[in-house]
Amino acid sequence: MTLSGFLADAREFLPILAEGVGVTVALTLCALVLATALGVVWALLRTSGNRWLEAPVRWLVNVIRGIPIIVQLFYIYFVLPDLGIDLSAFQAGVIGLGVAYSAYMGEVFRAGILAVDHGTIEAAESLGLSRLRILTRVVLPQAVRIVLPPFGNNLIMLLKDSSQASVITVAEISTQSRLIASSTFKNQEVFTLAALLYLCLSIPLILLVARLEKRFGRR
Amino acid sequence: MIEIDNLQKSFGANQVLNGITMRVDEGEVVCVIGPSGSGKSTLLRCVNGLEGYQGGTVRVAGQQVDRTRPEIRAVRRQVSMVFQRFNLFPHRTALGNIIEAPIFALGEARASAEAHGRALLARVGLAGREGAWPSELSGGQQQRVAIARALAMRPRAVLFDEPTSALDPELVGEVLAVMRDLARDGMTMMVVTHEMSFAREVADRVVFMDAGRVVEAGAAAAVLGAPREPRTQDFLRRVLQPLG
Ligand SMILES: Nc1ncnc2c1ncn2[C@@H]1O[C@H](COP(=O)(O)OP(=O)(O)OP(=O)(O)O)[C@@H](O)[C@H]1O
Ligand SMILES: [Mg+2]
């Protein structure tokens, strides 16, 4: 593989792969929104102090964490239609990845809520701040700072795990590169490009998380 | 200023305060001493409404302290609290900690809250440290910021719960100096402490508690210098000669 040959191939394959990049980004962002929303719900239920809510959610989270993402994707894409629920590959990918990652996000948020120093809440109470002010000015800012770095790490994992949606034919980077490779037999060139594209997406996120860790670890 | 009458408080079956009656008058410094677990922190927390209670009354500036009623916030603005572990807001600077409640509980304008906050920081010996984060400050400095934060509400009384117990020995002096200064200015103070020399020097009165009761109360010189109750004598002997 010469450099000029590689560049020529890259120019030929990149337009097709770029479509895959778009799908990867869209899939990751949609799954992130779903995982975050569900994760907040799990975390609030698990810290509610009501054991009739806490126990079922703990089990649900364990079940989700205990099944490989690929099996969850198969289930949603191939089994749900038998039950009358038809989903596009992209929709199934968003739901599968979103539900799977909601378990990890929920644990991150729960840890963040529990990690807020109760003494600071008492100090705010003793100063006569209202409940709403205590939540918005004392609890949430601290919880967000605690949660951002692990949240970012989950996002990086989710970006890479979005490639698993290729098993249910979502046309993201991995699917597109496999298609090109099988028709051109240029495995080395195509998969090198795919790896570079993932790195272009993930390295900025990795640097951002490192910065967040440094910034918020200090306070 | 603070009137506590026959206060009863229990956690489940554990009766922690068993009919406490005491008062702190305007401009007075009252130190509360007693062995660990005697209920000193719980007593302070009842005065500020951080804990509810089952019987008796607590009044601050004539208002009943009842944490279940919305007026509790008005009561809390009259009495500020300084905690053993400072409890500063870690996500706000020294000045940010101080102006938080004046702005968001009293509705004071930011500019005037900041001017007052700067003056308070100077008063506790931290002029120029407005922008410091709590994690950049020593324990003694953090506790002085916490005192300034308590004063920012222009309270009529300040409660201190072992304000120097979490500090390295060499940092205790700077915090006690600020408290001494406050007392000299006529601030009403209720101080739970193990610093007997501070109590002897600054307190108008000393209250000795054991097992949820007031065992002995009176002028500082009398309670600390010539205690009448055997339990007070025993306690003072142990704190004053910890190795003996
Ligand atoms: N939130 C709580 N729940 C249950 N029991 C509590 C709680 N807070 C305090 N207690 C109990 O109340 C009793 C008095 O505690 P308190 O903290 O008021 O004592 P203290 O005199 O301040 O002791 P120390 O000198 O160790 O600070 C102790 O037996 C303690 O275990
Ligand atoms: Mg205590």
Exercise. Please work out which one of (1) within 25 Å of B:V60 (Cβ to Cβ); (2) away from chain A (no Cβ under 14 Å); (3) among the small types (G, A, S) is the condition B:A115 fails and give its number.
Key: (1)
Quiz prompt | Residue tally, condition touching a residue at least 40 places away in the same chain (Cβ under 8 Å) and either more than 16 Å from ligand 2 (Cβ to nearest atom) or not in a strand (DSSP E or B) (or both), over the range B:8-29 | solution = 13
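Output the number of residues of the range A:123-138 satisfying the condition of being facing chain B (nearest Cβ under 8 Å) and either under 19 Å from A:G112 (Cβ atoms) or part of a helix (DSSP H, G or I) (or both).
Looking only at that region, the number is 7.
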Quiz item: Any idea how many residues of the range B:183-209 are within 14 Å of B:M22 (Cβ to Cβ) and within 16 Å of ligand 2 (Cβ to nearest atom)?
Solution: 6
Practice problem: Would you check if B:A219 is within 16 Å of ligand 1 (Cβ to nearest atom), at pLDDT below 95 and out of contact with any His (no Cβ under 9 Å at 6 or more places or on another chain)? | Solution: no
Quiz item: Of the residues B:A132, B:A166, which is farther than 22 Å from B:Q78 by Cβ, within 16 Å of ligand 2 (Cβ to nearest atom), touching a residue at least 12 places away in the same chain (Cβ under 8 Å) and within 14 Å of another protein chain (Cβ to nearest Cβ)?
Solution: B:A166
Quiz item: Can you tell me which of B:A94, B:A105 is within 14 Å of chain A (Cβ to nearest Cβ), within 21 Å of the chain's Cα centre (by Cα) and at pLDDT below 95?
Solution: B:A105
Exercise. Restricting attention to helices (runs of 4 or more DSSP H) lying wholly within the range A:1-114, give those where 3 or more residues are among the basic types (K, R).
Key: A:51-66
Self-check item: Candidates B:V82, B:V158, filtered to the one that is within 11 Å of chain A (Cβ to nearest Cβ), at pLDDT 95 or above, under 16 Å from the mean Cα position of the chain (by Cα) and over 16 Å from A:G119 (Cβ atoms)
Solution: B:V158
Self-check item: Candidate set: the range A:98-122, residues that are within 10 Å of another protein chain (Cβ to nearest Cβ) and over 19 Å from B:C46 (Cα atoms); chosen: the one farthest from the chain's Cα centre (by Cα)
Solution: A:D117
Quiz item: Does B:R67 meet the test of being basic (K, R) and closer than 29 Å to B:V24 by Cα?
Solution: yes
Exercise. Confirm whether B:Q63 is touching a residue at least 40 places away in the same chain (Cβ under 8 Å), away from every other protein chain (no Cβ under 12 Å) and either more than 18 Å from the chain's Cα centre (by Cα) or closer than 30 Å to A:F216 by Cβ (or both).
Key: no
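Tally the residues that are surrounded by fewer than 18 Cβ atoms within 10 Å (Cβ to Cβ) and not in a helix (DSSP H, G or I), restricting the search to the range B:134-148.
Final tally of qualifying residues: 1.
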Practice problem: Working only within the range B:186-209, note down all residues that are more than 16 Å from ligand 1 (Cβ to nearest atom) and over 13 Å from B:E28 (Cβ atoms). | Solution: B:S197, B:R200, B:E201
Exercise. With the condition kept exactly as written, say whether any residue in the range B:79-101 is within 16 Å of ligand 1 (Cβ to nearest atom) and surrounded by fewer than 21 Cβ atoms within 10 Å (Cβ to Cβ).
Key: yes
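Counting just the residues of the range B:42-60 that are within 11 Å of chain A (Cβ to nearest Cβ), closer than 16 Å to B:V158 by Cβ and within 16 Å of ligand 2 (Cβ to nearest atom), which one comes out surrounded by the fewest Cβ atoms within 10 Å (Cβ to Cβ)?
Taking the candidates together, the pick is B:L50.
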Practice problem: Considering every residue within the range B:30-51, establish whether at least one is of a type in the set (S, T, N, Q) and in a helix (DSSP H, G or I). | Solution: yes
Quiz item: Counting just the residues of the range B:16-32 that are over 18 Å from B:A183 (Cα atoms) and either in contact with a Gly (Cβ under 6 Å, 6 or more places away or on another chain) or among the hydrophobic types (A, V, I, L, M, F, W, C) (or both), which one comes out nearest to ligand 1 (Cβ to nearest atom)?
Solution: B:V16
Quiz item: Which number in (1) crowded, with 18+ Cβ neighbours inside 10 Å; (2) at pLDDT below 90; (3) aliphatic (A, V, I, L, M) marks the one condition that A:V144 misses?
Solution: (1)
Practice problem: Only residues in the range A:9-32 that are aromatic (F, W, Y) count as the first member; pair them with residues that are assigned to a helix (DSSP H, G or I), Cβ under 9 angstrom, at least 6 apart or cross-chain, and list the lot. | Solution: A:F13/A:Q176; A:F13/A:S177; A:F13/A:I180; A:F13/A:T184; A:F13/A:E189; A:F13/A:V190; A:F13/A:L193
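The values are calculated or read from the model by the stated rules, or taken from the named source; none is laboratory data. If you're wondering where the values come from, they're calculated on a predicted model, not measured in any experiment. All Cβ positions, glycine included, derive from the backbone under ideal geometry; neighbour counts span all protein chains shown.
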